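Just so it is clear, none of the values below were taken in a lab; they were calculated from the coordinates. Quick caveat, the model's predicted, so the values are computed rather than measured. So basically every Cβ, Gly included, is an ideal-geometry build from the backbone, and we count neighbours across all protein chains shown.
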Amino acid sequence: MATEFRVADLLKFHPEWVKDEVPPWLFEIMDKTVLRDLALVSLERSKAVHEANIKAIDTATAIIRKAKF
């Protein structure tokens, strides 16, 4: 039974809080082109994180489907 709880704990998803690396006051003085570039960087980072999470979920699902209980 201890193994069941351990596996359940390992399968839990604990996303990190996404933090903005740019201080808010800096947005007021930045050029709109720079702000657009920063927004694109932020979106690309979010997309990469989500793609990695989906890949991990798919891999875990495949492993669980193969497991014999």
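Brief remarks follow.
- Considering only the Cα atoms of the range 17-66, their convex hull presents on average a projected area of 4.0 nm².
- Each of LEU35, THR61, VAL49 was scored by the projection of its Cα onto the charge dipole of the range 17-66, and the greatest displacement toward the positive side belongs to THR61; charges sit on the C-beta of Lys, Arg, Asp and Glu.
- Simple Cβ-charge dipole of the range 17-66, Lys/Arg +1 and Asp/Glu -1, about Cα centre, in debye nearest 20: 420
- Highest mean first, the peptides 44-57, 23-36 sorted by other C-beta atoms within 10 Å per residue fall in the order 44-57, 23-36.
- Our estimate of slack between LYS47 and GLU28, defined as 0.36 nm per intervening residue step minus the Cα-Cα distance, is 4.2 nm.
- Phi angles across the range 43-50 convert, under the Karplus curve 6.51 cos²θ - 1.76 cosθ + 1.60 with θ = phi - 60°, into 3J(HN,Hα) values of 5, 5, 5, 4, 4, 4, 5, 5 Hz, Gly and Pro given as x.
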